[in-house]
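To keep things clear, I will list the structure first and then write my remarks on it.
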Amino acid sequence: MTGRIRVDRAGHVATLWIDNVAKRNAIDQSMWIAIGDGFEGLARSADLRCILMRGAGTAAFGSGADIEEFAVIRADKQQALDFARHTHRAMRAVRDCPIPVVAAIKGVCVGGGLELAAFCDIRICSQESVFGVPIARLGATLAYPELEGLVRLVGFGVALELLLEGRILGSAEALAKGIVNRVVDAQAFDSEVAATVERVCAGAPLSARWHKKFVARLRSGEALSEMELDEGYACFDTEDYQIGYRTFLAKIPPVFLGR
């Protein structure tokens, strides 16, 4: 059976599964294309409040690109450039998605799997998870678009450490280096992931989308325009803001409408 990407939806939540269990969820070219398609489609869903990305089975979130394809579709520079169109599109789709994205990481998260996880907003892993980018062992490099997520996540020094040594890190070191936000005991993993998604969904969805936009904009380091500064207060004209402060005063849980 070949790998596939599948998307499940339940209420305000969508789950995108990296499903190639026989190869520890290695991601082949068709799967990279499907990830891009999936996230671009989900990004247009006005009613979604959270996207969960996870690997099928229990052994891996994602073990990187499917190396068995390399002799056929990544045999030289031109083929690699053609292949990169699909991987970079998928990574941009995750990065630019206006909806909060949570990576639920069990087991192996290396190479392209880690590159994808780096573009998610929150990363939760189980204690047995391992991380790394051992691409130098293949005589290859991460191109600039692939480096972007890793560098913005852990900084230049740790990114170079991972790339130059090719070392595989355990969950505790991954947490210490900022690769993940949280390490959870295996038995509590699914419940903590579900609780995280629930907390994200409980917030005002417009607030979440604005916060993602604002943080991404600040990363550019460029001066903000007056229009952008003004947008920081657009929330006060929303119905959700009225709901938010009134329910706070009434000491009842808010039910946000996304408008």
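The values are calculated or read from the model by the stated rules, or taken from the named source; none is laboratory data. Because the structure is a prediction, the values reported are computed rather than measured. Cβ atoms come from the backbone with ideal geometry, glycine included; neighbour counts cover every protein chain shown.
Quick notes
- Taken together, 37, 47, 8 contain a single residue that is charged (D, E, K, R) and part of a strand (DSSP E or B), which is 8.
- Evaluating residue 178 against the criteria (1) more than 28 Å from residue 203 (Cα to Cα); (2) surrounded by fewer than 18 Cβ atoms within 10 Å (Cβ to Cβ); (3) free of Cβ contacts under 8 Å to residues at least 60 places away in the same chain leaves one unmet condition, (1).
- Test set (1) of a type outside the set (D, E, K, R); (2) surrounded by fewer than 18 Cβ atoms within 10 Å (Cβ to Cβ); (3) closer than 18 Å to residue 120 by Cβ - residue 10 fails condition number: (3)
Okay, residues lined up against (1) among the aliphatic types (A, V, I, L, M); (2) touching a His at 6+ places or on another chain (Cβ under 8 Å); (3) closer than 24 Å to residue 203 by Cα; (4) at pLDDT below 95:
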| residue | (1), (2), (3), (4) |
| --- | --- |
| 2 | no, no, no, yes |
| 7 | yes, no, yes, no |
| 13 | yes, no, yes, no |
| 22 | yes, no, no, yes |
| 32 | no, yes, no, no |
| 36 | no, yes, no, no |
| 40 | no, no, yes, no |
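- Looking at 47, 66, just one residue is acidic (Asp, Glu), within 20 Å of residue 197 (Cα to Cα) and in contact with a helix residue (DSSP H, G or I) (Cβ under 9 Å, 6 or more places away or on another chain), and that residue is 47.
- Scanning segment 165-213 for residues that are of a type in the set (Ser, Thr, Tyr) and closer than 30 Å to residue 233 by Cα returns 196, 207.
- Counting the residues of segment 225-242 that are part of a helix (DSSP H, G or I), of a type outside the set (A, V, I, L, M) and over 27 Å from the mean Cα position of the chain (by Cα) gives 7.
- Single match in 220, 191 (criterion: at pLDDT below 95 and of a type in the set (Ser, Thr, Tyr)): 220
- Scanning segment 184-224 for residues that are buried (at least 16 other Cβ atoms within 10 Å of the Cβ) and under 16 Å from the mean Cα position of the chain (by Cα) gives 193, 196, 197, 200, 208, 209, 212.
- Filter result for residue 224 (out of contact with any Lys or Arg (no Cβ under 8 Å at 6 or more places or on another chain) and not acidic (Asp, Glu)): no
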